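The values are calculated or read from the model by the stated rules, or taken from the named source; none is laboratory data. Being a predicted model, the structure only gives us computed values, none of them experimental. Glycine gets a Cβ as well: all are built from the backbone with ideal geometry, and neighbour counts include every protein chain shown.
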Amino acid sequence: MIIYGSSVSPYVRKVVAFAAEKGLEFKVKGVTLNSQDPGFREASPFAKMPALRDGDYLLADSSAIVAYMDAVKPDPALIPADRGNEGRRSGGTSLPTPSLSARASRSSSIGWWLRAFSARRGTLR
Ligand SMILES: N[C@@H](CCC(=O)N[C@@H](CS)C(=O)NCC(=O)O)C(=O)O
């Protein structure tokens, strides 16, 4: 799997943390905003990051990518089965990282995401 994006994007960081926590094999292909990289533009026609390439399969939008990764590799389960917690996870991981408080990391279903992001700060450049 190739994830196109840059560490400046919280949406990219979300997808990278999710892929790493899932144990998926992936590479990050660094692209800048408005990149003309043909592989990136093919995967993301509106040039929004992140975008994903998995063989011939292309996908843009972080939430869609996370859902795809979860379908490809259900274990470990990172998306809560009950709707209430899934709503919190979905909303929480859509926030830019600095907006998330330490309290949230200890007490809510988005804690795994914060821990994963903190542990992998160096994964992205
Ligand atoms: N809803 C999208 C938002 C992605 C997004 O807006 N990414 C920004 C970077 S943080 C971007 O690529 N902006 C470039 C643009 O809008 O042209 C997602 O979740 O992936």
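Considering segment 78-89 alone, what residues qualify as being of a type in the set (A, V, I, L, M, F, W, C) and over 15 Å from the mean Cα position of the chain (by Cα)? Answer for segment 78-89, where residues must be of a type in the set (A, V, I, L, M, F, W, C) and over 15 Å from the mean Cα position of the chain (by Cα): just 81. Considered as a group, the residues in segment 26-55 that are free of Cβ contacts under 8 Å to residues at least 40 places away in the same chain and touching a helix residue (DSSP H, G or I) at 6+ places or on another chain (Cβ under 9 Å) include one that is surrounded by the fewest Cβ atoms within 10 Å (Cβ to Cβ), and that residue is 48. Within segment 28-69, the set of residues being aliphatic (A, V, I, L, M), over 14 Å from the mean Cα position of the chain (by Cα), part of a loop (DSSP other than H, G, I, E, B) and modelled with pLDDT of 95 or more comprises 31, 47.
Residues in segment 1-13 that are assigned to a helix (DSSP H, G or I) and more than 12 Å from residue 65 (Cβ to Cβ): 10, 13. The set of residues from segment 14-27 being touching a Lys or Arg at 6+ places or on another chain (Cβ under 8 Å) and not in a loop (DSSP other than H, G, I, E, B) comprises 16, 17, 20, 22. Checking the stated criteria, residue 77 turns out to be surrounded by fewer than 15 Cβ atoms within 10 Å (Cβ to Cβ) and small (Gly, Ala, Ser).
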